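Written below as structure tokens is the structure these notes are about.
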Amino acid sequence: MRKRIYLENHCYFITVNPYKKRKIFESDRFKALYIKTISYCRNKFAFKLVGFVIMPDHIHLLIIPPMKRTVSDIMHHIDGVFANSYNKANVSSGKVIQGKFWEHVVRNQKDLEEKLDYIHNNPVRAGLVKRSEDWKYSSFRNYYLDNNSVIKIDKM
């Protein structure tokens, strides 16, 4: 198993997948629940949220962990809180989020801009909307329409 490398004060591009690739985020109810979970965990851990998109079958986040915290600390907490809330809402139990997430250390400003473009165009590429600004659960509106939409972003 690959050991994760952590760099303080760096931005991480993260991909989260639901367990068994279920499309649990097709429902706006569960997209909103994930946003609420991010807000709760952000208050607890004080990480910066630089960008995001919630797709029906996966999520991309750009986050900067605070000093003394790792990406794994933060993602473990987000995934755990969300899974508990999701199972409670569905009167179910079991895994909700795939155990491992994928992460990439953002190397420089160009890399950050590429990741933001990728995130913001994801719903268009998937055929969910014609324009990025039409996807509510993305940071596109925060960056280009000066609108905090569903959650405040820490712009870089």
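Every number in this text was worked out from the coordinates using simple rules, so none of it is lab data. Every value quoted in this text rests on a predicted model; they were computed, and no experiment measured them. Backbone-built Cβ (ideal geometry, glycine too); neighbour counts: all protein chains shown.
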As a percent rounded to 5, the proportion of antiparallel DSSP bridges among beta bridges in the chain is 100 percent
So how strong a dipole does the chain carry about its Cα centre when Lys and Arg Cβ are +1 and Asp and Glu Cβ are -1, to the nearest 20 debye? 480 debye
Cross-link pairs Lys48/Lys152; Lys23/Lys155; Lys68/Lys152; Lys21/Lys115; Lys20/Lys136; Lys48/Lys115 - those with Cα-Cα distance over 18 Å: Lys23/Lys155; Lys68/Lys152; Lys21/Lys115; Lys20/Lys136
If each DSSP helix of 4+ residues adds -39,500 (n - 2.57) and the sum is divided by the residues in the chain, what number results at 222 nm, nearest 500 deg cm²/dmol? -12500 deg cm²/dmol
Among Ile153, Gly94, Ser39, whose Cα sits farthest toward the positive end of the charge dipole of the chain (+1 at Cβ of Lys/Arg, -1 at Cβ of Asp/Glu, about the Cα centre)? Gly94
Just one of (i) 0.96; (ii) 1.09; (iii) 0.94 is Rg/Rh (Cα atoms, Kirkwood Rh) calculated from these coordinates, so which is it? (iii)
Report the one residue of Phe13, Phe82, Ile119 whose Cα lies farthest in the direction of the positive end of the charge dipole of region 12-144 (charges on C-beta: Lys and Arg +1, Asp and Glu -1; origin at the Cα centre). Phe82
